[in-house]
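Notes follow the structure.
A short reminder: the numbers here are calculations on the coordinates, not readings from a lab. This is a predicted model, so every value here is computed, not measured. Don't worry about glycine lacking a Cβ; one is built from the backbone with ideal geometry, like all the others, and counts go over all protein chains shown.
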Amino acid sequence: MKISNIQKIKRMPSKFIFVFSLLVFLSPSISFADGGGNFKAKCSSCHQPHKNGTGPKLFQARQKWSTGGAKEGSIYQWVNNWQTAAANDPYAAGVSKWSATAMNAFPELSKVQIDEILDWVDAQPDPATAGPANGAPVVDVDPASSEEGGNTWLWIILSTMFIIIILSVGGVRRQLKISTGESTPNDNLTYTEEFKAWAWKYRLPVGLGTLVIFLSLIVTLFQGLGRINVVENYQPSQPIAFPHDKHAGVNGIDCKYCHNSVTKSKSAGIPTVNVCMNCHKQINGEGKPYAAEVKKIYSAAGYDPTGSGKYTGNTKPILWNKVHVLPDHVYFNHSQHVVVGGIDCKQCHGDMTKMSEAVKVQPVEELNKIEGNIKLSKPTLTMGWCIECHGAKEVSLGDGKNGYYDEIHRRLRDNDKSLYKKYLKDGKVTVSELGGWECAKCHY
Ligand code: HEC
Ligand code: HEC
Ligand code: HEC
Ligand code: HEC
Ligand code: HEC
Ligand code: HEC
């Protein structure tokens, strides 16, 4: 009788540890609040938090609907399918007349997900519009980029689970002790003391369990890092409908004509309005459907095409919205990749010569379809994406084509023969082997 009870107690810790580690392993599948990601993927092509575009600005849309007298929950129905909402709710019917463009239906979004999107939108600060003068292009970094990861929830859940388990182990053990007569009910050890004694007694399983928990937390953390801030398909609207295909495609203008610092510096650069004027002073779009767009160039440049054809000096910056945005703590250098690494723009931005609409962050599946691209699997612009390519991309060593590698190659070959052999085992030397996986190379 007594023995079987003690055996029960003995089995307790391993059972708990098993259940707990199982939960930890399953936890990566807990979905995080990802309002920002969903907004960027599904809504940002038409909506911005604080500016009207194809669709109205979404800041505090829920408050607007409820004060405007919309039916309860009608806004969620709207996002799922605006036609149903418009048929059921006169307020929604009114909203649908906002423009001739119809909104898409998103039947896949749950109420919780829609709330996450709208919560995220409401949390975006209104970018104070302090516009610099003198016609310099202003790259308006979208506030969307500074979203925080949803990992907090994971930590809260894990620590709550941990506390509950500690408490219940203590409690169960106390009960069993009492029932087996090993101890008296007024055994006045605290939970901590009790836990310490227990942990010491079963130090092997406890030690192993802690190790498992620790390792799985690290794995979870790194899996999480690869998924946060996914911005694929992010496509902000632009002040001028500038089509890349007409310029870089049909008219064969070299990327570097406009993005002229791409081979020389960290950033590629966005052309100033003067660059547009080099051609558009002549190409005024008269009688063409795009005449209105060219007028915007003129007003930005302070150019008066009628009559005098002079610059008035009254310039306005074109506020291009930045499309590809990395967080501030990441260092990315264009010339290093394009010149030293010899990577084509297509690999990361897709085929811009065929892009007729506003630029967007191409999803990795699209990039993989392009001939000659290295096939990657992690979402574009995430850390996993950078890391994956650095692990796969072979660097051309010592072909005399670029001094940077030739020097590294020489040093490796002459000073570090065993390392060189090790690198060459798989027949190639990758970026990661030369340091492309070191945290400090990419992080300030
Ligand atoms: C294809 C463009 C498009 C996309 C994508 C889009 N919307 Fe809309 N949305 C509109 C338009 C246009 C309106 C204005 C109603 C109209 O004219 O039909 C609107 C209206 C709304 C409104 C009402 C706003 C108000 O001021 O009353 C909400 C809320 C809304 N959209 C949410 C969303 C959410 C959330 C997403 C992403 C899941 C989304 N929309 C994606 C075009 C779009
Ligand atoms: C005639 C000038 C011009 C040429 C040529 C041109 N671009 Fe652009 N590009 C622009 C302008 C203006 C913008 C900003 C507007 C936008 O994002 O749509 C831009 C934006 C971009 C962006 C997005 C920038 C961001 O905010 O993240 C990428 C990527 C890009 N161009 C790549 C290319 C590539 C690749 C080529 C060559 C195949 C090219 N461009 C040729 C003018 C040009
Ligand atoms: C290895 C991937 C990669 C390649 C190759 C690449 N880009 Fe980029 N590009 C990026 C990333 C990442 C950003 C975002 C940079 C940031 O936010 O700091 C970016 C941003 C840009 C921008 C926005 C302005 C800026 O400098 O941030 C333009 C324009 C651009 N790229 C054009 C080009 C052109 C043109 C080429 C080819 C000559 C090219 N890129 C090749 C990854 C790449
Ligand atoms: C090297 C010459 C050149 C430069 C520089 C240039 N463009 Fe153009 N642009 C053209 C040509 C050529 C066309 C096509 C005209 C046509 O198809 O009738 C065009 C067409 C356009 C159109 C209308 C496209 C359409 O069919 O809808 C817009 C908008 C435009 N350009 C904007 C810009 C902007 C903004 C800049 C500066 C960032 C710029 N362009 C720089 C040559 C240039
Ligand atoms: C398509 C492949 C590819 C992608 C995607 C890519 N890189 Fe690279 N990266 C390279 C190559 C090739 C080099 C080699 C150039 C060199 O060593 O200087 C390199 C080198 C670097 C280096 C210098 C490493 C060193 O040893 O000096 C840094 C930093 C870097 N990349 C950052 C990034 C970041 C940040 C991203 C993601 C935003 C990124 N890269 C995405 C291919 C890629
Ligand atoms: C090849 C470039 C590269 C290397 C090497 C790299 N990172 Fe990153 N890291 C990035 C990029 C790019 C992002 C931004 C990803 C995003 O915004 O989705 C990032 C994001 C992060 C974040 C998330 C911060 C945030 O914005 O929420 C952390 C933490 C991080 N990295 C830690 C590390 C550590 C630790 C290492 C070394 C083991 C490392 N990184 C190595 C490119 C790199």
Note down the net charge around residue 72, summing +1 for each Lys or Arg and -1 for each Asp or Glu among other residues with Cβ under 15 Å from its Cβ. +2
Efficiency of FRET from Cβ geometry, residue 87 and residue 160, R₀ 51 Å, rounded to 0.05: 0.70
Any idea how far apart residue 264 and residue 421 come out in nm if each label point goes 7 Å out from Cα toward Cβ? 4.6
In bins 5 Å wide, starting from 0, what share of all Cα pairs of the range 36-128 does each bin hold, as a percent? 3, 14, 25, 30, 20, 7, 1, 0
Quick one: order 203, 62 by neighbouring beta-carbon count within 10 Å, fewest to most. 203, 62
Order these by the 10 Å Cβ neighbour count, fewest first: 164, 297. 164, 297
Which pairs in the list 378/428; 393/441; 346/393; 346/369; 264/378; 40/441 are over 18 Å apart, alpha-carbon to alpha-carbon? 378/428; 264/378; 40/441
One finds the C-alpha centres of the range 200-269 and the range 382-444 to be spaced, in Å, by 21
Reciprocal of mean inverse Cα separation for the range 238-361 (Kirkwood radius, Å): 16.1
Percentage relative contact order, the range 36-128, counting C-alpha pairs under 8 Å, at least six apart: 31
For residue 234, list long-range residues whose amide hydrogen, built 1.01 Å from N in the peptide plane, is under 5 Å from its own amide hydrogen. 361
Would you calculate the separation in nanometres between label points at residue 167 and residue 72, each defined as 7 Å from the Cα along the Cα-to-beta-carbon direction? 3.3
Once phi is turned into ³J(HN,Hα) by the Karplus curve 6.51 cos²θ - 1.76 cosθ + 1.60 with θ = phi - 60°, what whole-Hz value does each residue of the range 355-372 show in order, with x for glycine and proline? 8, 8, 9, 4, 5, 9, 6, 6, x, 4, 5, 5, 4, 5, 6, 7, 5, x
Can you list the GluC sites (Glu not before Pro) in the range 380-444 that are in a DSSP coil and have 15 or fewer other beta carbons within 10 angstrom? 438
